[in-house]
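Student: Structure in structure tokens, see below.
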Amino acid sequence: MIDEEQAQYEEAMAREAEEEAKYQAGLEAQAEAEAEAMAAEAEANSQPTVLTVDLADLAALITEGKDIFLKSEGEEALLKLLDLQEAIEGAIDEAKRVLEAEALKLDPQFKSIQSDNVRVYYRTYGSRYKLDESKVATLPANLYTTRTSYTVNTKEVEAFAKEKGGLPDGILEPERTKQLTFSRKGAADEE
């Protein structure tokens, strides 16, 4: 009777292992199909273009860009630089999509790979947990931290400085750096 129970147990374990193997194979096939679909979509969305950047031409564009104050060639040079930037950023984004699909196809638990000159990381950004502030009262106090922060009210400080002839004690004016930017007119991020 014990031999019969042992045989039934082993048979049940074998069926369970077989079902688990089928399930895992299904997951792998699904991941592979999704990765292939992503790669196909990326390939369909990418336009076959060749980007060749001659460093001498690039240096000339940089030099010509200063002429924006005097002639239209300066504007054209800056626009060409913006076109190059967009093409390079697009190529980097596409490479990221293709690398992600391929890495997850090879290993769904992929985290990183390093070569002699390049590191590729696949990681999650942002906080792991989020606090629902409406339920703080129900949480043990050791699970969260209460913080107080202060922000300068710039308009009020400027009014104070104008009226009193200087900044109040406790308000400092840090050194700020100016930086030149240029973008295409009508760009979404235009200031």
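Since every read-out is calculated from the coordinates, none of them should be taken as a lab result. Values in this document were obtained by computation on a predicted structure and should not be read as measured data. For neighbour counting, all protein chains shown are included, and Cβ atoms are generated from backbone atoms with ideal geometry for every residue, glycine included.
Student: Quick one: Cα centre-to-centre distance for the range 145-177 and the range 73-127, in angstrom?
Tutor: First find each Cα centre; the distance between them is then 40 Å.
Student: Still on this structure, I have one more. Run the numbers for GLU86 and LEU99: contour at 0.36 nm per residue of separation, minus the present Cα-Cα distance, in nm.
Tutor: 2.7 nm
Student: While we're here: In the neighborhood of TYR122, defined by Cβ-to-Cβ distances under 13 Å, what is the net charge if each Lys or Arg adds +1 and each Asp or Glu adds -1?
Tutor: +3
Student: Which of LYS178, LYS80 has the fewest other C-beta atoms within 10 Å, and how do the rest follow up to the most? Write out the running numbers ahead of the final one.
Tutor: Details: LYS178 4, LYS80 16.
Going from sparsest to densest Cβ surroundings: LYS178, LYS80.
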